[in-house]
Amino acid sequence: MQIFIYICLGVTLLFAIASILLRKIFPEKNGKYLGIGFAGLLIISIVIIIISFFVGGWSGMGYGVIGISIFIGTLLGGVLNIVTKHFFHR
């Protein structure tokens, strides 16, 4: 069960590090790229959750938990991005 927590933390760190790097490399376009990445990860996680309903048994449940882990990680990364932007870029 710990692998799902690691997936969630990995997605959160990926999103946070990508937002920091994009702010430094492309300061004028970082919102556009972050928005695309955020929407992409949300769509991927929702598609995985929907697919899990069509796959039966333990495999479907595993796909569902992986999709939920990616979804939670994406949301946490987005919140972390907003918080860091608010406090460090005044």
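Since every read-out is calculated from the coordinates, none of them should be taken as a lab result. These numbers were taken from a predicted model, which means no experiment stands behind them.
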Inset, instruction - Using only alpha carbons, build the gyration tensor for the chain and give me the equivalent ellipsoid semi-axes, biggest first, whole Å. - result: 29, 13, 8
Legend entry - Global geometry of region 1-54, whether rounded, prolate or oblate, following the gyration tensor of its Cα atoms and the 1.5 cut on a/c: oblate
Inset, instruction - Working from Cα positions, state the angle (0 to 90°, nearest 10) between the long axis of helix 30-54 and the longest principal axis of the chain. - result: 10
Legend entry - GNM flexibility winner over the chain from SER59, SER19, SER45 (Cα, springs under 10 Å): SER59
